[in-house]
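**Q** There's a structure below that I have some questions on.
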Amino acid sequence: MGLKLPMLKPVQWRHSNEHSGKMDACRFVAVTSTTAARIFNIYPRKGVIQPGSDADIVVWDPEASRTISASTHHQAVDFNIFEGMTCHGVPLVTISRGKVVWDHGKLNIEKGAGRYVPRPPWSTIVYDSIKRRDVVCVPQKVDREPYSGPVWTKDGDIMVGGAAETAASPQASPQKEAKTDSTPTGRQQAVAPSGGKPSSRVLRPPGGGSSGIFFG
């Protein structure tokens with residue numbers, strides 16, 4: 001489980017066990033051991049106690065407590081981010097590949113005793129769910145009867161059963177009345193019946209003729 005077991009596991013136990021009501025002891029073991037081994041693709045070599053697996057076992061005391069401190073941890077740093085935190089739940093004995101490496105606060109390890117654990121890619125617990133999601137999310141054809149109801153066309157007609165019917169056109173708005181005044185510049189004004197601002201069309205502006213249309 002590594003040298004961080006005496007520190008990290010008590011912190012995880014404190015924030016996840018029955019004291020906080022988030023998970024029981026069995027769920028705690030499944031999350032921190034079995035599921036972790038499956039994600040890293042080293043199951044069943046790790047994460048389970050059975051013939052053929054590594055004999056990695058932790059004897060846990062859920063009632064014991066300890067205070068985390070940089071003065072007592074087994075790491076090559078002089079500080080600890082959990083300094084002063086009191087945790088309930090302490091590993092009493094840790095067995096790695098059948099050998100006791102931690103015994104009631106005493107570390108028993110030998111240099112070079114570690115072994116490389118290969119981790120094949122494409123963990124099934126992660127990528128199988130992605131494959132299943134891709135299969136489930138494929139668009140499926142829906143078989144149903146062709147639509148036979150009315151259809152509006154861009155010209156305002158209604159197509160019913162293949163025949164076109166002209167929709168009732170809205171009431172035409174009254175045409176604008178235009179009047180022309182004989183001004184020296186030849187301006188024609190269109191007066192809106194609703195009292196809106198009239199627009200002017202300049203035919204011969206001062207200073208010369210114009211081929212464009214100007215509205216003032």
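**Q** Can you spot a residue in the stretch 137-151 that is over 40 Å from the mean Cα position of the chain (by Cα) and within 24 Å of residue 53 (Cβ to Cβ)?
**A** There is no residue in the stretch 137-151 that is over 40 Å from the mean Cα position of the chain (by Cα) and within 24 Å of residue 53 (Cβ to Cβ).
**Q** What single numbered condition from (1) of a type in the set (S, T, N, Q); (2) touching an Asp or Glu at 6+ places or on another chain (Cβ under 8 Å); (3) under 28 Å from residue 128 (Cα atoms) fails to hold for residue 96?
**A** The one condition residue 96 does not meet is (3).
**Q** Here are 80, 41: which of them is closer than 22 Å to residue 126 by Cα and polar (S, T, N, Q)?
**A** 41
**Q** So if I check each of 121, 139, which one is loosely packed, with under 10 Cβ neighbours inside 10 Å and either modelled with pLDDT of 90 or more or in contact with a Phe, Trp or Tyr (Cβ under 8 Å, 6 or more places away or on another chain) (or both)?
**A** Residue meeting the stated conditions: 121.
**Q** Find all pairs meeting these conditions: Cβ atoms under 7 angstrom apart; at least six residues apart or on different chains; first residue within the stretch 74-85 and over 25 Å from residue 103 (Cβ atoms); second residue open to solvent by 50 Å² or more (accessible area, probe 1.4 Å).
**A** So the pair list comes out as 84/67.
**Q** Can you confirm whether residue 59 is touching a helix residue (DSSP H, G or I) at 6+ places or on another chain (Cβ under 7 Å), of a type outside the set (Asp, Glu) and modelled with pLDDT of 90 or more?
**A** Answer is no for this residue.
The values are calculated or read from the model by the stated rules, or taken from the named source; none is laboratory data. As the structure is a computational prediction, the values presented were derived from the model and not from experiment. When we count neighbours, we look across all protein chains shown, and the Cβ atoms used for this are built from the backbone with ideal geometry, even at glycine. Calculation scope for accessible area: heavy atoms of the full protein, side chains included, ligands and nucleic acids excluded. Shrake-Rupley method; radii C 1.70, N 1.55, O 1.52, S 1.80 Å.
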